[in-house]
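Colleague: I'd like to ask some things about the structure below.
The values are calculated or read from the model by the stated rules, or taken from the named source; none is laboratory data. Just so it is clear, the structure is predicted and the values come from calculations on it, not from any experiment. Cβ coordinates were reconstructed from backbone atoms using ideal geometry, including for glycine residues, and neighbour counts include every protein chain displayed.
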Amino acid sequence: MKNIKLQKGFTLVEMMVAMTIFVIFMGVVLQSYLSIVTMQKEANEYRVMYSEARHIFDKFSDEVRNGTISYGQTEKVSGLGVGALSNPLKAVVLVSSDAGRAVMFRHDGVENDLEFAESLRDNFGNFVPKESFNLNSDRIKVDSFKIYISPLGDPYSPENVDKNVTQYQPKVTVFAQFQKDIGGGKTLDLDLQTTISSRSYMPGYFQDDFIFGSTVETQ
């Protein structure tokens, strides 16, 4: 009589245990993979936001560094009375060194946008609007853009010329908060700050001229 070899296999319990371990292992691997993908996506979104925020700051810094603060126009576009400049501001007007160009930065607290406007002087000596647009794209919101001017009084105006506390080159400090919606109820936030000294100054320029209009409501 021939010997019959018995073939051993897994029992049902052993198979269930093995499948359970496999499912748990795959769940851990999948969760780790999804976490890595999410982190990579957030990192990419943050880079996009940071790049755009830096572009805005570079634009603002260049204009302040190479322009002259128009105290009178800044008061007007900020909705303040003459000589009533107070920090923080949501708008500032700058005039180029050749007096042929003026720009305005203004924060819209309702739409969370940062508006940039430019005007050029025509042959008759009047400023004519050239363009106006938001510096931030639709993907980025500017939650806050606070501008601090120092000194608050125009250094070369007649009433301040003899006051030593105002006799120094004007500088501008800005604090900004940017936000980007990345979906799923999540947002990314970025805070930036910089201080810029103006390299040029022309006393009393265009304090009363009509450049960007008078009172502009900002929230």
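Colleague: Among the candidates V13, V17, single out the residue that is modelled with pLDDT under 90, surrounded by fewer than 10 Cβ atoms within 10 Å (Cβ to Cβ) and over 30 Å from D181 (Cα atoms). Step through it out loud before you land on a result.
Modeller: Working: V17 fails: surrounded by fewer than 10 Cβ atoms within 10 Å (Cβ to Cβ).
After applying the criteria, what remains is V13.
Colleague: Could you please give the count of residues in the stretch 95-118 that are under 25 Å from I140 (Cα atoms) and out of contact with any His (no Cβ under 6 Å at 6 or more places or on another chain)? Write out each step before concluding.
Modeller: Our first condition is that a residue be under 25 Å from I140 (Cα atoms); within the stretch 95-118, this holds for 103-118.
In the following step, the residues that additionally are out of contact with any His (no Cβ under 6 Å at 6 or more places or on another chain) were identified as 103-113, 115-118.
Looking only at that region, the number is 15.
Colleague: Quick check on the stretch 135-143. Is at least one of its residues modelled with pLDDT of 90 or more, outside any strand (DSSP E or B), among the small types (G, A, S) and at negative phi?
Modeller: Yes: the stretch 135-143 contains one or more residues that are modelled with pLDDT of 90 or more, outside any strand (DSSP E or B), among the small types (G, A, S) and at negative phi.
Colleague: Are any residues in the stretch 81-135 out of contact with any Leu (no Cβ under 8 Å at 6 or more places or on another chain) and hydroxyl-bearing (S, T, Y), and if so, which ones?
Modeller: Passing the criteria: S96, S97, S119, S132.
Colleague: Next question. Mind checking which residues of the stretch 95-109 are surrounded by fewer than 20 Cβ atoms within 10 Å (Cβ to Cβ) and in contact with an Asp or Glu (Cβ under 8 Å, 6 or more places away or on another chain)?
Modeller: Filtering the stretch 95-109 for residues surrounded by fewer than 20 Cβ atoms within 10 Å (Cβ to Cβ) gives 96-101, 108-109.
Listed by number, the residues that qualify are R101, D108.
Colleague: So, one more: Hey, does the stretch 160-171 have a residue that's at pLDDT 80 or above and in a strand (DSSP E or B)?
Modeller: In the first step, residues of the stretch 160-171 are kept if they are at pLDDT 80 or above; the result is 170-171.
Next, only the ones that are in a strand (DSSP E or B) stay: 171.
Yes: one or more hits.
Colleague: Can you pull out the residues in the stretch 70-114 that are under 24 Å from V128 (Cβ atoms), touching a strand residue (DSSP E or B) at 6+ places or on another chain (Cβ under 8 Å) and part of a loop (DSSP other than H, G, I, E, B)?
Modeller: Within the stretch 70-114, S70, S78, S97, A99, G100 qualify.
Colleague: Please enumerate the residues belonging to the stretch 27-63 that are under 30 Å from S144 (Cβ atoms) and β-branched (V, I, T).
Modeller: Pass one, the stretch 27-63, residues under 30 Å from S144 (Cβ atoms): 38-63.
Those that are under 30 Å from S144 (Cβ atoms) and β-branched (V, I, T): T38, V48, I56.
Colleague: I'm checking my understanding of the structure. Among residues of the stretch 45-69 that are part of a helix (DSSP H, G or I) and among the hydroxyl-bearing types (S, T, Y), which one is nearest to T194 (Cα to Cα)?
Modeller: Initial filter on the stretch 45-69 (part of a helix (DSSP H, G or I)): 45-66.
Filter again for among the hydroxyl-bearing types (S, T, Y), leaving 46, 50-51, 61.
Values: Y46: 20, Y50: 14, S51: 16, S61: 8 Å.
So the residue we want is S61.
Colleague: Filtering the stretch 110-134 down to residues that are at pLDDT below 90 and of a type outside the set (F, W, Y), which residue is surrounded by the fewest Cβ atoms within 10 Å (Cβ to Cβ)? Quick ask: steps written out before the conclusion?
Modeller: In the first step, residues of the stretch 110-134 are kept if they are at pLDDT below 90; the result is 121-129.
Applying the additional criterion that residues be of a type outside the set (F, W, Y) yields 121-123, 125-126, 128-129.
Values: R121: 19, D122: 10, N123: 5, G125: 8, N126: 12, V128: 10, P129: 13.
Step by step, filter the stretch 110-134, then rank; the result is N123.
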